[in-house]
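Reading through the structure tokens given below for one structure.
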Amino acid sequence: MSRTENVDKFFDAVTIAYDALLDAAKSSNERGYRVSRRLIDEIERGQREAIDLTRRLAESPRDVSGFYSSALRTVTDSQGRALELTRQLLDEVSDGQREGRETMRRVIDANRNAGQAAIEATRDTVNRAGRAVQDIRGRANGRAAPRTATQRKAKSASESTE
């Protein structure tokens, strides 16, 4: 693989890892917004119901059974909404955990690919540097340095027979 391909492979892997983290952050932000928005809506609804209930009591303070019935209905509705809000929160937490595991898998895969590209690039660089050193040594000794492992073995064998 060429040096440019290794560099491209490395930076592609790094980009994939950053994209996975960015997607996770955006998704987490959206989940938080949904829960916050729902909580605010429920608080507003609860305030309106409390005002309506208080108004009903103020308009007819002697209607105890009607007030009690309205209060009971309001409390029951509030509890149902609280349970629904809790269910939504648990669903969002569950989705967050699932997305977190998926994000970690994507980041780990991308880091593995980046590591492999870095190893290949390093190996290529070391091999090229080794060949350059051999060429320099060969020129310094007055003869050309062998370029392949087979050539080195042949040279080594011929030198040992001399």
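The values are calculated or read from the model by the stated rules, or taken from the named source; none is laboratory data. Here the structure is a predicted model, which means the values were calculated and not measured. Every residue, glycine among them, receives a Cβ derived from its backbone with ideal geometry; neighbour counts consider all protein chains shown.
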Close pairs from the range 25-45: first in contact (Cβ under 8 Å) with a residue 40 or more places away in the chain and farther than 22 Å from Val75 by Cα, partner aliphatic (A, V, I, L, M) and surrounded by 10 or more Cβ atoms within 10 Å (Cβ to Cβ), Cβ under 9 Å, at least 6 apart: Arg31/Val93
Which listed residue is in a helix (DSSP H, G or I) and under 30 Å from Ala118 (Cα atoms), from Asp95, Asp91, Asp52, Asp19: Asp19
Output for the range 4-26, where each listed residue is small (Gly, Ala, Ser) and either closer than 30 Å to Glu92 by Cβ or modelled with pLDDT of 95 or more (or both): Ala17, Ala20, Ala24, Ala25
Scope the range 11-25; condition over 8 Å from the mean Cα position of the chain (by Cα) and more than 9 Å from Arg106 (Cβ to Cβ); matching residues: Phe11, Asp12, Ala13, Val14, Thr15
Neighbours by Cβ (under 9 Å, 6+ apart or cross-chain): first from the range 114-127, in contact (Cβ under 8 Å) with a residue 24 or more places away in the chain and part of a helix (DSSP H, G or I); second among the small types (Gly, Ala, Ser) and surrounded by fewer than 12 Cβ atoms within 10 Å (Cβ to Cβ): Asp124/Ser2
Every residue from the range 62-88 that is within 13 Å of Glu49 (Cα to Cα) and touching a residue at least 24 places away in the same chain (Cβ under 8 Å): Thr74, Asp77, Ser78, Arg81
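Specify which of the listed residues (Gly142, Gly138) is at positive phi and at pLDDT below 90. Can you show your working first?
Details: Gly138 fails: at positive phi.
After applying the criteria, what remains is Gly142.
Report the residue count in the range 27-46 for those that are of a type in the set (Val, Ile, Thr) and closer than 14 Å to Ser94 by Cα.
Of the residues in the range 27-46, 1 are of a type in the set (Val, Ile, Thr) and closer than 14 Å to Ser94 by Cα.
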